[in-house]
1. Considering each of 109, 138, 128 in turn, give the residue that is over 24 Å from residue 234 (Cβ atoms) and among the basic types (Lys, Arg).
2. With respect to residue 234, is the statement that it is touching a residue at least 24 places away in the same chain (Cβ under 8 Å), buried (at least 19 other Cβ atoms within 10 Å of the Cβ) and either farther than 30 Å from residue 265 by Cα or touching a Lys or Arg at 6+ places or on another chain (Cβ under 8 Å) (or both) true?
3. Exactly one condition in (1) within 20 Å of the chain's Cα centre (by Cα); (2) exposed (fewer than 15 other Cβ atoms within 10 Å of the Cβ) is not met by residue 225; state its number.
4. Could you list, in sequence order, all residues of segment 258-280 that are surrounded by fewer than 17 Cβ atoms within 10 Å (Cβ to Cβ), free of Cβ contacts under 8 Å to residues at least 60 places away in the same chain and of a type in the set (A, V, I, L, M)?
5. For residue 133, are the conditions met, namely being on the phi < 0 side of the Ramachandran plot, touching a residue at least 12 places away in the same chain (Cβ under 8 Å) and out of contact with any His (no Cβ under 7 Å at 6 or more places or on another chain)?
6. When you go through (1) within 23 Å of residue 203 (Cβ to Cβ); (2) surrounded by fewer than 15 Cβ atoms within 10 Å (Cβ to Cβ) one by one for residue 149, which number turns out not to apply?
7. Do you know which residues across segment 216-235 are assigned to a helix (DSSP H, G or I) and not acidic (Asp, Glu)?
8. Report, by residue number, each residue of segment 263-322 that is of a type in the set (Lys, Arg) and either under 23 Å from the mean Cα position of the chain (by Cα) or under 19 Å from residue 341 (Cβ atoms) (or both).
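The values are calculated or read from the model by the stated rules, or taken from the named source; none is laboratory data. Just so we're clear, the structure is a prediction, and the values are computed from it rather than from any experiment. We place every Cβ from the backbone using ideal geometry, glycine too, and count neighbours over all the protein chains shown.
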Amino acid sequence: MMGELDLNEVGEWLSGTGPESDIVMSTRIRLARNVVGFPFLTRIEERRKSELERWLRDRIRGAKLDWDVSYQNLNETSPLERQCLVERHLISRDHANSKGDRGVAVGPRGMVSVMVNEEDHLRIQVLRSGFQPDAAWRQILDFDKRLEGQMDFAFSPEFGYLTACPTNCGTGMRVSVMLHLPALVMTKQIEKVFHAVSKIGLAVRGFYGEGTQAMGDFYQISNQVTLGRSEEDVLKTVAEYVPQIIKFERNWREKLITENRVGLEDRVWRAFGMLERARLITSEETMDYLSAVRMGVNLGLIDAIPISTVNELFIVTQPAHLQKLSGSELDTPERDENRADYVRRRLASLN
């Protein structure tokens, strides 16, 4: 079944229920795939691109999935709706801003999605709460096989899956783990993490992935190389090194509590007070305050707000979601006022 996307549905990855979810917001696995019979998107004509979008949409519909899929042609949606999808981590910024027929298919609660006509014909994604690389891999592998039953993927015995960008050839797989690392930022230990992961072929990216900045002390750790490495090898590297970062962050949180509990409590409660009382608040300020509150909740310093609500506020206070909630376009000062009003009302509703 195919229906329209429901942007009111909260993503599973925001639930805060997965393993190590006090530090790991989400685990994402993405597969890049292209189909035989159509040129790469860097060489395709608009007419063929439109034909490809319709062809892939029909094949996704015929994949015999165990759950319903919502589908949207992004060429028929508003810029605001596309930006909401970016903020939900369902499509990339490049996908939102490109031209021509392209789409996104999304499963329940955003756990599985497929970008159609992004950089490659297909970008298949599984997004899970907490640290779940093995579960995400099993889920995306099953989905990949179901799609492959509907089409022939471009594959070379020498180079593996063929992709528009040579850096994605081979497995076409990227594993990304989004970590919340406020203690390492506060204690200026974060550069040690950057230095260590770069030595083992992992990259550090911002809140919205490649080419974006860190927000709210969130960092994405992901593999850089796909060619010449098996899926199992990539998963093993992530499974070995991400827990070390988790332990590093957790140790510094405990050190902060032991050495300056009052100072840490003051930081957390000041942040909560600003969210609870502010009349104007920027997106960047909101992310910073929510970061402190999120750490406080997970350390047991504050129990006034569920972690799932904190996680959700990171997304719904972003510019596009705010405008969708208000039902109108807002300039920057209006967004700052609406954001503060929304957060105040949301926190008041918890009492």
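1. Values: 138 fails: over 24 Å from residue 234 (Cβ atoms); 128 fails: over 24 Å from residue 234 (Cβ atoms).
After ruling out the rest, the residue left standing is 109.
2. Numbers: touching a residue at least 24 places away in the same chain (Cβ under 8 Å): yes; buried (at least 19 other Cβ atoms within 10 Å of the Cβ): yes; either farther than 30 Å from residue 265 by Cα or touching a Lys or Arg at 6+ places or on another chain (Cβ under 8 Å) (or both): yes.
So residue 234 fits the description; yes.
3. (2) is the only condition that residue 225 fails.
4. Within segment 258-280, just 262 meets the criteria.
5. On the way: on the phi < 0 side of the Ramachandran plot: yes; touching a residue at least 12 places away in the same chain (Cβ under 8 Å): yes; out of contact with any His (no Cβ under 7 Å at 6 or more places or on another chain): yes.
Yes: the conditions hold for residue 133.
6. (1)
7. Initial filter on segment 216-235 (assigned to a helix (DSSP H, G or I)): 231-235.
If the condition is that a residue be assigned to a helix (DSSP H, G or I) and not acidic (Asp, Glu), then 234, 235 are the ones that fit.
8. Within segment 263-322, the first condition is being of a type in the set (Lys, Arg), and the residues that meet it are 267, 270, 277, 279, 294.
Answer for segment 263-322, where residues must be of a type in the set (Lys, Arg) and either under 23 Å from the mean Cα position of the chain (by Cα) or under 19 Å from residue 341 (Cβ atoms) (or both): 277, 279, 294.
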